[in-house]
Amino acid sequence: MFTMRLQGGAPIYEQLRARITELIISGEMKEGEKLPAVREIAKELTINPNTVQKTYAELERQGLIYSVPAKGSYVSPRSKYIGALNQQTSEEFSEAVRAALSHGLSKDDLHAIIDKIDTEST
């Protein structure tokens, strides 16, 4: 199973979706790996099974997981979701850039931030 601390603010299903997405993207959960059963997660996190089911449905819609009837849910091959992931990342980045510009940062400021991040990651 995976560890997770539920926090206030964002809905529980979004927190769970973000955590599972993080595990898949980071490679901690591998292609073809079976996800824990809905009831198992619900019991462990003391949340409603419908919340977990909603999370799994959203992850499946995004292409991160797939379901096999009567067998469970599994991590999709990376090729199935990389396009959607890149699109989501692009949208989130665009939103952050718009917010930064509206708060007074210049294009040069943003380029400097990107350069700094790029330098730190290499």
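The values are calculated or read from the model by the stated rules, or taken from the named source; none is laboratory data. From a predicted model like this one, the values you see are computed outputs, not experimental measurements. Backbone-built Cβ (ideal geometry, glycine too); neighbour counts: all protein chains shown.
Of all residues in segment 29-70, which are in contact (Cβ under 8 Å) with a residue 24 or more places away in the chain and assigned to a loop (DSSP other than H, G, I, E, B)?
Once the filter is applied, which keeps residues that are in contact (Cβ under 8 Å) with a residue 24 or more places away in the chain and assigned to a loop (DSSP other than H, G, I, E, B), segment 29-70 yields M29, K30, E31, G32, E33, L35, P36, A37, I47, Q62, L64.
All but one of (1) under 30 Å from I114 (Cβ atoms); (2) surrounded by 13 or more Cβ atoms within 10 Å (Cβ to Cβ); (3) not assigned by TED's automatic domain parsing to the domain that holds A112 hold for S26; state the number of the condition that does not hold.
Answer for S26: the failing condition is (2).
Could you identify the single residue in A112, A100, A84 that is in a helix (DSSP H, G or I) and touching a Gly at 6+ places or on another chain (Cβ under 8 Å)?
Values: A112 fails: touching a Gly at 6+ places or on another chain (Cβ under 8 Å); A100 fails: touching a Gly at 6+ places or on another chain (Cβ under 8 Å).
Only one candidate qualifies: A84.
Residue-by-condition table, conditions (1) loosely packed, with under 11 Cβ neighbours inside 10 Å; (2) more than 23 Å from the chain's Cα centre (by Cα); (3) among the aliphatic types (A, V, I, L, M):
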site	(1), (2), (3)
L64	no, no, yes
A70	yes, yes, yes
K107	yes, yes, no
T119	yes, yes, no
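Answer yes or no as to whether G9 is surrounded by fewer than 17 Cβ atoms within 10 Å (Cβ to Cβ), at pLDDT 95 or above and either touching a Pro at 6+ places or on another chain (Cβ under 7 Å) or on the phi > 0 side of the Ramachandran plot (or both).
No: the conditions fail for G9.
Return the pair list, or none, for Cβ contacts closer than 8 Å from residues in segment 85-104 that are not assigned by TED's automatic domain parsing to the domain that holds E60 to residues that are surrounded by 10 or more Cβ atoms within 10 Å (Cβ to Cβ) and part of a helix (DSSP H, G or I), at least 6 apart or on different chains.
Taking only residues 6 or more apart or on different chains, the pairs are L85/I25; V97/L110; A100/D109; A100/L110; L101/K107; L101/L110.
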